[in-house]
Every structure is written in structure tokens, then in C-alpha cells.
Amino acid sequence: MVWMIFVAGAVLSWGAYGALLHQGQTQLGNPLKALLCVGVAYFLMGVIVPVAALSAQGGLSGFNTNGLIMATGAGALGAAGAVCIIWAFRSGGLPVYVMPLVFGGAPIVKGTRVPVRAIVTYYLSCGDTVETIAQQLPPLTPAQIHDALSYYYDHQSEIDEERRRNEDESYWRSYLQEHEVAIDASDRTLHAG
């Protein structure tokens with residue numbers, strides 16, 4: 001279950017991304033300046049850190065061509081997504097509207113990227129209290145968590161279906177097969193076909 005720590009890290013990071021990007025873009029006054037800042041951050045986190053770590057491990061060689069193409073394509077898609085979010089904000093979109101659409105229509109907590117589904121899972125499946133959830137997801141206030149739970153009880157059937165689908169391994173296996181992605185059980189990695 002150590003992987004849940006990294007999931008929580010992703011939730012926290014992505015939870016703040018839209019709101020911070022919108023504020024930064026507004027304060028900079030130009031979407032290209034915001035994009036440049038995103039690019040610098042991507043460069044530092046996505047180039048400098050891995051090069052240093054791989055160098056220390058002696059792993060800067062032996063890149064697989066297919067893996068290189070897929071990972072670079074994924075990076076380009078991520079950057080294109082950042083550009084699209086920046087221009088959505090520039091065109092008048094607000095994070096409260098833009099970010100739920102980016103997440104495929106899944107309801108999220110206003111001003112964050114934290115899906116209501118995640119809060120409900122912590123609360124119902126893990127038995128966490130509102131205070132514990134607020135400690136685990138620091139961008140959230142207890143009031144936001146209560147709002148998310150209230151939203152859940154008003155839309156319980158849809159969110160329960162989303163939770164079921166998200167936790168259903170067979171759903172994801174069929175999704176990956178449909179999109180020609182193989183799962184290597186020996187190392188739990190994905191390989192594009």
C-alpha cells in the first residue's frame with residue numbers, strides 16, 4: 001500500500017495545479033509567461049532530477065526505442081494539456097469550471113483537483129474522520145470536505161458508480177486491452193502495443 005502515498009502526492013500536486021496556474025497567469029498578465037514558468041518547472045523536475053539520479057545509478061544508457069517514443073509522447077501530451085489549460089484560463093475559463101472538465105467531468109472540490117470520489121473513499125472505505133482527511137490532504141479544509149460529502153449524498157448513485165469503476169480491476173484491464181496496453185505482472189509496468 002506504499003503506492004497510496006504517491007497517489008496522495010499526485011492528488012495534492014494536481015489539486016493545487018489549476019488554481020495556482022490561474023493565479024500565476026493572472027499576476028503575470030500573459031499566458032506565454034505562465035507557460036514559460038511551467039516549462040522551467042518541467043525542465044527542473046523532468047530533466048535535471050532524473051539525469052542526476054540516473055547518473056548516480058549509472059543508468060543513462062540503454063533506452064528502449066518504443067519506451068522512449070511512448071514516454072516522450074506522454075510528456076508532449078502533458079505539455080499540450082498545460083498549454084490548453086493556460087489558454088482556457090486566458091479565454092475566460094475559471095478553475096472551478098475548467099478543472100472538472102479536464103478530469104473527464106468527475107466532480108472535484110472547488111478550487112482544487114481533488115475528486116469528490118477520493119474524499120468519499122477515505123471517509124467510507126477507510127473510515128477516516130473529516131479531520132484526518134484534512135491532515136492527509138492539506139489543501140482541503142474541513143468545510144470543503146463536508147461540502148464534498150454533502151455533494152456525494154446528493155449524487156450518491158453516480159459517485160458510487162464512478163468509485164466502483166475506478167476500483168474495478170477488470171474494467172481497467174479491458175480498457176488497457178482495448179487501447180493495446182499490456183500489463184507485465186512480473187514488474188507491474190505498462191507496455192504500449
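The values are calculated or read from the model by the stated rules, or taken from the named source; none is laboratory data. This is a predicted model, so every value here is computed, not measured. Using ideal geometry, Cβ is built from the backbone for each residue, glycine included, and neighbour counts are taken over all protein chains shown.
Quick notes on this one:
- Residue check, Ser91 of a type in the set (Ser, Thr, Tyr) and touching a helix residue (DSSP H, G or I) at 6+ places or on another chain (Cβ under 9 Å): no
- Conditions (1) in contact with a Leu (Cβ under 8 Å, 6 or more places away or on another chain); (2) within 30 Å of Glu162 (Cβ to Cβ): number failed by Ala88: (1)
- Close pairs from the range 123-150: first closer than 16 Å to Arg163 by Cβ and in contact (Cβ under 8 Å) with a residue 12 or more places away in the chain, partner buried (at least 17 other Cβ atoms within 10 Å of the Cβ) and among the aromatic types (Phe, Trp, Tyr), Cβ under 9 Å, at least 6 apart: Tyr123/Tyr152; Ile133/Tyr122; Ile133/Tyr123; Ala148/Tyr123; Leu149/Tyr123
- Residue under evaluation Leu44, criteria (1) over 30 Å from Arg117 (Cα atoms); (2) at pLDDT below 90, criterion not met: (2)
Okay, residues lined up against (1) among the acidic types (Asp, Glu); (2) closer than 21 Å to Ser13 by Cα; (3) at pLDDT 85 or above; (4) not in a loop (DSSP other than H, G, I, E, B):
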| position | (1), (2), (3), (4) |
| --- | --- |
| Cys84 | no, yes, yes, yes |
| Met99 | no, yes, no, yes |
| Gly104 | no, yes, no, no |
| Arg113 | no, yes, no, no |
| Thr121 | no, yes, yes, yes |
| Ile133 | no, yes, yes, yes |
| Leu149 | no, no, yes, yes |
| Ile159 | no, no, yes, yes |
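- Residue check for Leu94: hydrophobic (A, V, I, L, M, F, W, C), in contact (Cβ under 8 Å) with a residue 24 or more places away in the chain and either surrounded by fewer than 18 Cβ atoms within 10 Å (Cβ to Cβ) or assigned by TED's automatic domain parsing to the domain that holds Gly9 (or both): yes
- Here the range 54-71 is the region considered, the condition is being of a type in the set (Gly, Ala, Ser) and surrounded by 11 or more Cβ atoms within 10 Å (Cβ to Cβ), and the residue that is nearest to Gly24 (Cα to Cα) is Ala71.
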